[in-house]
Amino acid sequence: MKLIIAENYNEGSRKIADLFEAVIAEKKDAFLGLATGSTPEGMYKCLAEDFNAGKVDFSEVHTINLDEYLGPDRSHPQSFGYFMDKHLFSKVNIKQENIMLVDGAGKAEDEIKKYDSRLGEEPIDILILGIGENGHIGFNEPADFFVAGTHITELAEETIQANSRFFENIEDVPQKAVTMGMAGITNAKKIVLAAFGKKKAGAIKKLLSDDKVSPKLPCSILKLCRDVTIVVDKELYRCIENE
Ligand code: PGA
């Protein structure tokens with residue numbers, strides 16, 4: 001695993017956008033794996049800026065998102081589909097038919113089948129992952145085992161807590177989600193795991209501190225993947241060093 005320590009969030013976001021653009025420059029119909037949350041917002045901003053500057057073209061690009069809450073549909077401001085429309089899809093020339101999202105209001109079994117069939121067609125070319133404070137990737141929460149396929153998952157208490165900042169009341173945070181499993185994630189040809197700020201330092205420190213792979217720290221499965229770049233900022237890295 002390669003570690004990039006960026007000066008700050010903006011520089012880290014720029015570096016991640018550059019990694020994505022390099023893949024798209026090589027393969028115009030690249031299959032991108034995308035995440036939501038505060039972590040990738042900055043990289044989407046860079047991608048949109050570069051699209052406006054004519055530096056990147058999404059007309060042939062295909063995407064798949066990591067996860068979605070069960071309940072809200074794409075028009076709901078807290079759904080991940082809405083987030084993607086707002087931060088990236090509405091700002092670039094991607095074709096609607098090339099976007100794969102879980103319909104949170106749809107029948108979960110159908111959504112799962114749709115996802116696994118798409119992931120069975122080809123591996124993701126480049127995947128951006130955020131990380132939970134508990135080490136989750138996608139909504140693969142700490143557990144006794146890894147789940148390979150796309151599946152319904154119950155959000156961990158700390159995830160509900162962390163995500164409540166996007167909702168008026170913590171009770172409004174959906175408790176279930178559909179997430180890509182570890183097969184879809186680990187089969188990606190390139191993986192970028194991004195973590196900024198001191199809150200994520202504990203999880204990254206655990207990831208880097210030994211060579212163990214355990215479902216209790218879901219991100220540790222990335223040690224089995226060939227091409228992983230971890231992008232952190234100095235604030236996070238200083239916490240790791242000082243602990
Ligand atoms: P964040 O979430 O980017 O909003 O911090 C990351 C995650 O929980 O996977």
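The values are calculated or read from the model by the stated rules, or taken from the named source; none is laboratory data. Just so you know, these numbers come straight off a predicted model, no measurement behind them. Here the Cβ is made from the backbone with ideal geometry for all residues, glycine too, and neighbour counts use every protein chain on show. We work out accessible area using only protein heavy atoms, side chains counted, and drop any ligands, DNA or RNA first. Shrake-Rupley method; radii C 1.70, N 1.55, O 1.52, S 1.80 Å.
Of note:
- Cα centre as origin, Lys/Arg/Asp/Glu Cβ charges: the chain dipole, Debye: 580
- Cα-Cα over 29 Å, subset of Lys113/Lys212; Lys27/Lys113; Lys45/Lys216; Lys28/Lys176; Lys2/Lys86; Lys15/Lys205: Lys113/Lys212; Lys45/Lys216; Lys28/Lys176; Lys2/Lys86
- Taking Ser59, Ser38 and ordering them by how much accessible surface each has at a 1.4 Å probe, largest first, produces Ser38, Ser59.
- Of the GluC sites (Glu not before Pro) found in the range 128-180, those that fall in a DSSP loop while having at most 14 other beta-carbon atoms within 10 Å are Glu168.
- Average Cα contact separation per residue, the chain, under 8 Å, 6 or more apart, as relative contact order %: 25
- Gyration tensor (Cα) of the range 2-242, equivalent ellipsoid semi-axes in angstrom: 24, 22, 18
- Over the chain: helical MRE at 222 nm, DSSP H runs n ≥ 4 each giving -39500 (n - 2.57), nearest 500: -10500 deg cm²/dmol
- Only beta bridges with both residues in the chain are counted; by DSSP, about 25 percent of them are antiparallel.
- When peptides 101-110, 70-79 are sorted by average Cβ neighbour count within 10 Å, with the highest value leading, the order is 101-110, 70-79.
- Gyration tensor (alpha-carbon) shape descriptor, the range 1-123, a/c threshold 1.5: prolate
- Ranked by how many other beta carbons lie within 10 Å on average, peptides 134-141, 41-48 from highest: 134-141, 41-48
- When the surface is traced with a 1.4 Å probe over the full set of protein chains, Asp57 keeps roughly 70 Å² accessible.
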